[in-house]
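S.K.: For reference, the structure I am asking about is given below.
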Ligand SMILES: [Zn+2]
């Protein structure tokens, strides 16, 4: 069963032409996506109503908990607020984002993925206190959770690709999964550094996946396909 899960990280609710274009594109193509919400952005008075309206009105967008600050714990650059910091602080970061999503967007977040894909054993204990969180990204195995480990990831907009979506790289990295007839996760950051060409290349990659018989789906369908 060929399935694709689109995991779009670093969703901040600030005005962003990149996120607007990406979400509009996905809505036009009826593509289900999952987007990692950074909770703190919902506390700002710069929240973009248009963006929120799009997310709110689309049944194809599922937000998940991507932490509260994302910038790393004070004094620690690019470390993650879920790595080597006290369990209670990790719990608070998770709780604030769960709360803000519920209060501001009316959305119950069902999944967690740590910033910079970095977490520790305390993160797993902290996230275990949220009965509504069913899914964990980046984690290989954790009792009581449905996990989607990073071994499923196809990354193609990292530093090596100049932080832009690179069609050739995506195709090359997706190939081993397709050869195994498997499922994979497209791990992307459309709001960070993508330009217009990135969206064109992303569209080309979606066309390629569709020609290869890959169905883009949401979390539940992906998880079932990935374990069967
Ligand atoms: Zn991130």
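Bear in mind that the values in this text are calculations on the coordinates, not laboratory data. This is a predicted model, so every value here is computed, not measured. Cβ placement follows ideal geometry from the backbone for every residue including glycine, while neighbour counts extend to all protein chains displayed.
S.K.: So if R0 is 35 Å, what FRET efficiency would residue 69 and residue 228 give, r being the distance between their Cβ atoms, rounded to the nearest 0.05?
M.R.: Between residue 69 and residue 228 the formula returns 0.40.
S.K.: With an 8 Å Cα cut-off and a minimum separation of 6 or more residues, compute the relative contact order for the range 3-227 in percent.
M.R.: Dividing the mean separation by the residue count of the range 3-227 yields 25 percent.
S.K.: Figure the gain on full extension for residue 44 and residue 142 (residue separation times 0.36 nm, minus the Cα-Cα span) and round it to one decimal in nm.
M.R.: Here the segment from residue 44 to residue 142 would lengthen by 31.9 nm.
S.K.: Share of antiparallel DSSP beta bridges in the chain, in percent to the nearest 5?
M.R.: If we restrict to bridges inside the chain, about 0 percent are antiparallel.
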